[in-house]
Every structure is written in C-alpha cells, then in structure tokens.
Amino acid sequence: MRNKFIAGNWKMQGSLATNPALLHSVAAGAATLPTVTMAVMTPFPYLPQVQALLAGSACAWGAQDVSEEAAGAFTGEVSVAMLQDMGCRYVIVGHSERRARHGESDARVGAKARAAIEGALIPIICLGETLAQREAGETLAVVHRQLDAVLEAVGVRRMPQAVLAYEPVWAIGTGRSATPAQVQEVHAALRSRVSNADWVVGAGLQILYGGSVKPSNALELMGLPDVDGALVGGASLVADDFLDIGRAAATA
Ligand code: PGA
C-alpha cells in the first residue's frame, strides 16, 4: 500500500510578510492528516523562514530546483548540500516550466535527480507532454523517453528514493485538469515501465499527478488506482484549498 503525498509548488510566489500565516495554517492542517505526507516547495530565499516555521511540524518542505553540480563556479545555482542546510527533504526537478524556459534536457533532469538522491534529498521528478504532443498521439512516447533518461541516470534500484510527478503541460495553471481516464492511463504506463525493470520498485513507486488539481477534482483524481498524490501549484497558495486536497487524499 503506497502512502499519499500532497506537495505544494509555490512557484515564484510568496513574501516574508505573507508566508507565516499560510505556513501556520498548512502545518496545523497537516497535523490532522496523519496518513498523508504534506510538503511545500518554496522559492529559495524563503527556505530559512520556512525551516524556522515548519521545523518539528507535520509539514515537510523543499525547493523547486537544484544544481546537478556539488559546488564551484556555477553562478546562480543552488546545491544539494545547501538545500540540506535548509532542512529540505524534497526538491522538484524537471518541472515543465524549467524544461521549457531554461532548456533543461532529459539528461540534465536525470543528472539532477541523481545528485539529489546521492545527497539524501528526495527528487520529485516531473514529466509530461505538451498539447501538441498529446494531439499528435505522442503522450506515452514522450513520458517514456523522459522516464528512461531518469532510469538511466538514477538506476531502477534507487527509484524508491524518488517520486514521479506526471504533469501534462497543457493542464498546468490552466484550470483544465486532465481527465481521470487520461491520468490513470499515463500513471499505469509509467508504473509498468518501471515494473518491467524491477517489479517490486514499480509496485512501490509513488506517482503524483499535477495540473490544475483543486478541491473540486481532488477526490476523483486521488481515488485512481495508480495516483499516489498530487503536485499542487495555484491551490497550494490558499491554505484551505491545499488542505482540502490533503483531506481528499486521506479519504480516497
Ligand atoms: P497548477 O500547477 O496546480 O497551478 O496547475 C501545478 C504545477 O505546476 O506543479
């Protein structure tokens, strides 16, 4: 039985002034959901504040990206060790906004996932097709290619230390979630791809869905057989919405 995991992705939002109220509400709500792992992925500058406010709480935290390099002349980058210093347990890698806007290749995403695992951080590895790719019937080919790069870099035996997040690009921030049938099809395909390499690892792999998850669709999505939680953008900035999604995961 895989546990449910609800991860918030704040993206480039938040402020020192407004974060405490949101974090306090989320931590208090997370304490009432012992069967669900709750976490927030915040912008780098707020990690010291997040660490101070969430330490010892029922809500974990992490970052939205990390360098695959350990240290050195990499201006603007943040290392795994720095995230460890900030008490992070998780880091998102390969979000489609970074793949598209920052040219992150499948190989680079794989290298970031490997660096995270080697530094004892859990990477939340995002994959997903664009609308054009879906309309061309390429969805499974695209997510398999993205997954294969991760499996090659990480090795299937270390996949229990990672989480996958299927995020169709056309569903992110659009209000238009993928349908339950579309989500289940891709999640099952991803799991079976990993199971082909190692059955036990595939069966235990946590696969989140992301893309316009909100309280109104969470129960249906979280109840799908191969959905183990959600990566939540917009709704993670509203404590009640984020917690409602957590409650849906607890009930599903
Ligand atoms: P959304 O974002 O929930 O606002 O669609 C999800 C994500 O980008 O992780």
Looking at the P(r) of region 1-140, how many percent of alpha-carbon pairs lie beyond 26 Å?
29 percent
Check ASN9: other-chain or 5+ apart residues with amide H under 5 Å from its amide H, H built from backbone geometry?
MET41, VAL232, GLY233, SER236
Amide H contacts under 5 Å for VAL93, restricted to residues at least 5 apart in sequence or on another chain and with H modeled in the peptide plane, are ILE124, ILE125, CYS126
Using +1 at the Cβ of each Lys and Arg and -1 at the Cβ of each Asp and Glu in region 4-251, identify which of ALA249, LEU131, GLY76 lies farthest towards the dipole's positive end.
ALA249
Over the chain: helical MRE at 222 nm, DSSP H runs n ≥ 4 each giving -39500 (n - 2.57), nearest 500:
-13000 deg cm²/dmol
Value of Rg/Rh across the chain [Cα atoms, Kirkwood radius]
0.94
Selection from ASN3, ALA181, HIS95, by position along the positive dipole direction of the chain (Cβ):
ASN3
Give the cross-link partners of LYS214 among the aspartates and glutamates, using a straight C-alpha distance below 12 Å as the criterion and excluding same-chain residues fewer than 8 apart.
ASP240, ASP241, ASP244
Per the charge dipole of the chain (beta-carbon charges, Lys/Arg positive, Asp/Glu negative, Cα centre), the residue among VAL238, HIS24, VAL227 reaching farthest to the positive end is HIS24
Simple spin-label estimate for SER192 and SER216 in nanometres, 7 Å along Cα-Cβ
3.3 nm
Counting other Cβ atoms within 10 Å, which chymotrypsin sites (Phe, Trp or Tyr not before Pro) in region 48-121 have at most 14 and lie in a DSSP loop?
PHE74
Go from 0 up to the bin containing the longest alpha carbon distance in region 141-195, width 10 Å each, and give me the % of pairs per bin.
20, 52, 24, 4
How big is the dipole moment of the chain about its Cα centre under a simple scheme where the beta carbon of each Lys and Arg is +1, that of each Asp and Glu is -1, and everything else is neutral? Debye, nearest 20, please.
220 debye
For the pair ALA31 and GLN182, what calculated FRET efficiency results from E = 1/(1 + (r/R0)^6), where r is the Cβ-Cβ distance and R0 = 30 Å, to the nearest 0.05?
0.35
Projected label distance in nm at ALA81 and ALA107, using a 7 Å step from Cα toward the beta-carbon:
2.6 nm
To make sure I understand the rule: partners must be aspartates and glutamates, Cα under 15 Å from the Cα of LYS112, and not fewer than 8 residues away in the same chain. Which ones qualify?
ASP65, GLU68, GLU69, GLU77, GLU104, ASP148, GLU152
For region 164-215, count the residues as N, evaluate 2.2 N^0.38 Å, and divide the Cα radius of gyration by that value, please.
1.23
Going by the alpha-carbon gyration tensor, a ≥ b ≥ c the square roots of its eigenvalues, is region 15-71 rounded (a/c under 1.5) or, if a/c is not under 1.5, prolate (a/b greater than b/c) versus oblate?
oblate
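Read-outs: derived from the displayed coordinates by stated rules, not from any lab. Please read all numbers here as calculations on a predicted model, not as lab measurements. All Cβ positions, glycine included, derive from the backbone under ideal geometry; neighbour counts span all protein chains shown.
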